[in-house]
Amino acid sequence: MNDLERLAAELREAETAVALTGAGVSAPSGVPTFRGDDGVWERFDEGQFTYGRFRRDPAGFWADRVELHRELFGAAHEPNAAHDALAAMGRDGVLEAIITQNTDGLHGDAADSLSDGDGSTILELHGNARRVRCQDCGRRTDGEEIFERAANGTLPPTCDCGGVYKPDVVLFGEQLPGAVLQRARSLARKSDVFLATGSSLVVEPAASLPRLAASNGATVAVVNLESTPVDDRAAVVRREDVTTVLPRLRTLVDA
Ligand SMILES: [Zn+2]
């Protein structure tokens, strides 16, 4: 039995299995990455997208955010084989939850494309860039029309209640949603198998979730093109593309 076959066997037996995903899972769908040589922050000034600026200058923030949004999501992105494999494992009751650092909503799309079953819980640690949220009444709504309004010069776009909309993502300098974070931690703590995929595992809270799982006895697997600081705690480390490894793993779990 190789390491992936052993992992598949453990996934079948696990009472709670959880996946964590990062930018490496979205990159094969063509979603631009933020960091690195070709990252979005090479072309945009990340200092303009802070929570502080949003509070001080919502109109200016929104004007820049429209440009960033176009750069990130101007092209239509589809879930890839990694999203599909995770969604299928969710539907089959193998994965209880998918915790993601990504804000592109592609895990939701992959789950929606499966016609049967409830699927995993999807926890979006950094929110969802396709939605906006009113800062006053808390109403969440689809962002497409709101971004359109901002692009046409309504700056900042506002809710019916008069409150300013904010992209429903965690901005620099903004706290992560406490309830989501707490659920992610509790899932990591009770997991028997924790799959960390497509994440360099250096940004909090993604960095500490696999450690929390390992400290509580979980089998941790890391699938990422580059090495991560969690590799030495992991029972399985695969430096391969997630679109190769995850479909293979899913087939093994099914076998
Ligand atoms: Zn409102």
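Name the one entry in 151, 111 that is within 30 Å of residue 212 (Cβ to Cβ) and away from the ligand (no atom under 16 Å from the Cβ).
111
Can you tell which of 81, 97 is within 22 Å of residue 170 (Cα to Cα) and of a type in the set (A, V, I, L, M, F, W, C)?
Details: 81 fails: within 22 Å of residue 170 (Cα to Cα).
Criteria check complete, one pass: 97.
What do you reckon, is residue 246 among the aliphatic types (A, V, I, L, M) and assigned to a loop (DSSP other than H, G, I, E, B)? Steps first, answer last, please.
Details: among the aliphatic types (A, V, I, L, M): yes; assigned to a loop (DSSP other than H, G, I, E, B): no.
Answer is no for this residue.
Select from the range 116-148 the residues that are of a type in the set (Gly, Ala, Ser) and within 16 Å of the ligand (Cβ to nearest atom) and list them in ascending order. Explain how you work it out, then say what you get.
First pass over the range 116-148, keeping only residues of a type in the set (Gly, Ala, Ser): 117, 119-120, 127, 129, 138, 143.
Listed by number, the residues that qualify are 138, 143.
May I ask you to verify whether residue 49 is under 24 Å from residue 208 (Cα atoms) and of a type in the set (Phe, Trp, Tyr)? Explain how you work it out, then say what you get.
Values: under 24 Å from residue 208 (Cα atoms): no; of a type in the set (Phe, Trp, Tyr): yes.
Taking the combined requirement at face value, the residue does not satisfy it.
Do you know which residues across the range 210-228 are open to solvent by less than 10 Å² (accessible area, probe 1.4 Å) and touching a Leu at 6+ places or on another chain (Cβ under 6 Å)?
221 - this is the single residue of the range 210-228 that is open to solvent by less than 10 Å² (accessible area, probe 1.4 Å) and touching a Leu at 6+ places or on another chain (Cβ under 6 Å).
Going through the range 76-96 one residue at a time, which ones are farther than 23 Å from residue 213 by Cβ, open to solvent by less than 60 Å² (accessible area, probe 1.4 Å) and more than 15 Å from the chain's Cα centre (by Cα)? Working first, answer last.
Taking the range 76-96 and keeping what is farther than 23 Å from residue 213 by Cβ, we get 76-81, 84.
Next, from what is left, pick out any that are open to solvent by less than 60 Å² (accessible area, probe 1.4 Å): 77, 79-81.
Matches in the range 76-96: 81 only.
Within the set of pairs 6 or more residues apart or between chains, which connect a residue that is among the acidic types (Asp, Glu) inside the range 106-119 to a residue that is in a loop (DSSP other than H, G, I, E, B) and crowded, with 22+ Cβ neighbours inside 10 Å with Cβ atoms less than 8 Å apart?
Filtered contacts from the range 106-119: 109/79.
Do any strands (runs of 3 or more DSSP E) entirely within the range 97-200 hold 2 or more residues that are surrounded by 15 or more Cβ atoms within 10 Å (Cβ to Cβ), and if so, which?
Details: elements: 97-100, 121-124, 127-134, 140-142, 165-169, 193-197.
Answer list for the range 97-200: 97-100, 121-124, 127-134, 165-169, 193-197.
The values are calculated or read from the model by the stated rules, or taken from the named source; none is laboratory data. Quick caveat, the model's predicted, so the values are computed rather than measured. Using ideal geometry, Cβ is built from the backbone for each residue, glycine included, and neighbour counts are taken over all protein chains shown. All accessible areas refer to the heavy atoms of the entire protein, side chains included, with ligands and DNA or RNA removed. Shrake-Rupley method; radii C 1.70, N 1.55, O 1.52, S 1.80 Å.
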